[in-house]
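The values are calculated or read from the model by the stated rules, or taken from the named source; none is laboratory data. Since we're looking at a predicted model, the values are computed, not measured. Here the Cβ positions follow ideal geometry from the backbone for every residue, glycine too, while neighbour counts run over all protein chains shown. Side chains included, ligands, DNA and RNA excluded: accessible areas come from the protein's heavy atoms. Shrake-Rupley method; radii C 1.70, N 1.55, O 1.52, S 1.80 Å.
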Amino acid sequence: MNAFGIDVSKHQGKIDWPQVAASGVRFAILRAGYGNTAAQADPYFAANYTGAKAAGLKVGAYWYSYASGPDDAAREAAACLQVLAGRKLDQPLFFDQEYEPAILAQTTEGRTGCVQSVIRTEQASGERTGP
């Protein structure tokens, strides 16, 4: 059986979670934030988490990365964990590495090192990381 899910962040604004659930969506992957400090939490993360859970959706999260190396990536992972603040995730926690200049400037090995650093940090806290 396939399950339909969505990826949301502040860019979607305020979400009517009961309406989302009624439309057939079964899970949501929420942007927790970006960068290397908890001050960069997505301003809608807490409300999206609460609303999605209340609507009966399974919830996962992701952190948008600007990491320039493994140490920076570990700081980002720590910031993400701080923003999660012990909230239980039903779906994995993802590390979103896209086309930012600091990431594009790295070699494949450098980007892989960032991902490995994040996985170690998140798994050490007990979080299940996404593939």
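Would you point out the residue of region 1-21, among those that are modelled with pLDDT of 95 or more, among the polar types (S, T, N, Q) and over 14 Å from the mean Cα position of the chain (by Cα), that is surrounded by the most Cβ atoms within 10 Å (Cβ to Cβ)? Applying the filter and picking the extreme gives 12. All conditions but one from (1) at pLDDT 90 or above; (2) open to solvent by 40 Å² or more (accessible area, probe 1.4 Å); (3) out of contact with any Gly (no Cβ under 7 Å at 6 or more places or on another chain); (4) under 19 Å from residue 129 (Cα atoms) apply to residue 91; the one that does not is (3). Taking (1) outside any helix (DSSP H, G or I); (2) under 12 Å from residue 95 (Cβ atoms); (3) touching a residue at least 40 places away in the same chain (Cβ under 8 Å) in turn, residue 73 satisfies each apart from (1). The set of residues from region 22-35 being open to solvent by less than 70 Å² (accessible area, probe 1.4 Å) and assigned to a loop (DSSP other than H, G, I, E, B) comprises 24, 35.
Within region 58-88, the set of residues being small (Gly, Ala, Ser) and open to solvent by 10 Å² or more (accessible area, probe 1.4 Å) comprises 68, 69, 74, 78, 85, 86.
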